[in-house]
């Protein structure tokens, strides 16, 4: 009888990662069937048994979740009941910890015979290490992005496999063979409008400050979409001067990361990408003060940037909230641009960090670990 896997992914990124895993599982075991909750990519691969719900489920922020608490509670109960009725061989939780961690705990009680697998482990090491002990009770396998995560779970008695980061293959595909331009500074203000409104004016002022003293330096800013490009151009006109050597380009972030000599990068996925390509950069982060203060209370980590977390020390300078000032950022950029020793030190450290992201094939490694778990169940029957 064909084995069935029930997936739960609640975000667009989870839909991408879930689809990659389904493809990898299907390559090695074509007889597997898939169902559950995901997005358009997962539904296209799995068929009608996969519900596309990510447009409704992908909600950012505590307040947005609270406003729709009734809807989420109903979906939670429906999902739990469907899994209990279907009795799949395993449930694969794809990221989405707010929903999936509660669901895993509930299924531990209500569907103990169903294997429970977490694909892209929640970052409990940052916000609540006490949850690891519970996860070791609820889950049968956790698939991690980073080696230190797997070690943490294994110490708690939870089987864990480090598969590397799924983005590595895409980043490698976008690698170009080109020397860096020693007078080019790259600006990455983020992929959301509120991020850009908070940090890009400062980036423009940094450009103006440095241009006064180093007129030969060039600046390029990466825009993630047409609407964000328009927003950035409006900010540049308001906060800058028409004579500034600042170019705003859309859809060229990976190329720019490999061309520039130095970068200023807003906290998020772009910092991982810049680290992978070995671009010496500083991390900048600015949010509303209530959000920042709440984060300080809830999140227990020394560093915000992934490169620093992986290295266990400050490899990348972090300028957060009031520290993300024109003076601090300008001073850092000037140091990297004018000191070859400092540039080489940061670039070398980032190469070491990059090696911790894996060498590709994350979905295949994850698929192999899942199949091994299912095969053990078959052998034990």
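One line per residue, one yes/no per condition, for (1) within 21 Å of residue 78 (Cα to Cα); (2) buried (at least 16 other Cβ atoms within 10 Å of the Cβ); (3) within 24 Å of the chain's Cα centre (by Cα):
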| site | (1), (2), (3) |
| --- | --- |
| 6 | yes, yes, yes |
| 18 | yes, yes, yes |
| 30 | no, no, no |
| 40 | yes, no, yes |
| 44 | no, no, yes |
| 48 | yes, no, no |
| 51 | yes, yes, yes |
| 56 | yes, no, yes |
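Being assigned to a loop (DSSP other than H, G, I, E, B), in contact with a strand residue (DSSP E or B) (Cβ under 7 Å, 6 or more places away or on another chain) and surrounded by 14 or more Cβ atoms within 10 Å (Cβ to Cβ) is the requirement here; does residue 263 meet it? So residue 263 fails the test.
Could you list, in sequence order, the residues of segment 180-194 that are crowded, with 21+ Cβ neighbours inside 10 Å and either under 21 Å from the mean Cα position of the chain (by Cα) or part of a loop (DSSP other than H, G, I, E, B) (or both)? Talk me through it step by step, then tell me what you get.
First, pick out the residues of segment 180-194 that are crowded, with 21+ Cβ neighbours inside 10 Å: 185-190.
Across segment 180-194, the qualifying residues are 186, 187, 188, 189, 190.
Of the set (1) modelled with pLDDT under 95; (2) surrounded by 12 or more Cβ atoms within 10 Å (Cβ to Cβ); (3) not assigned by TED's automatic domain parsing to the domain that holds residue 159, all apply to residue 374 but (3). In the set (1) crowded, with 18+ Cβ neighbours inside 10 Å; (2) under 21 Å from residue 319 (Cα atoms), residue 197 fails one condition alone, (1). Taking segment 215-258 as the range and being farther than 15 Å from residue 186 by Cα and outside any helix (DSSP H, G or I) as the test, the residues that pass are 215, 225, 240, 241, 242, 243. Only one entry of 177, 81 meets the criterion of being surrounded by fewer than 17 Cβ atoms within 10 Å (Cβ to Cβ) and in the same structural domain as residue 309 (by TED's automatic domain parsing), and that entry is 177. Scan segment 21-43 residue by residue and report those that are within 12 Å of residue 366 (Cα to Cα) and either assigned to a strand (DSSP E or B) or at pLDDT 95 or above (or both). Within segment 21-43, 21, 22, 23, 24, 25 meet the criteria.
For segment 135-158, residues that are surrounded by fewer than 17 Cβ atoms within 10 Å (Cβ to Cβ), at pLDDT 90 or above and out of contact with any helix residue (DSSP H, G or I) (no Cβ under 7 Å at 6 or more places or on another chain) total 3.
The values are calculated or read from the model by the stated rules, or taken from the named source; none is laboratory data. Keep in mind that what you see is a predicted model, and the values were worked out from it rather than measured. A quick note on method: Cβ atoms are made from the backbone with ideal geometry, for glycine too, and the neighbour counts reach across all protein chains shown.
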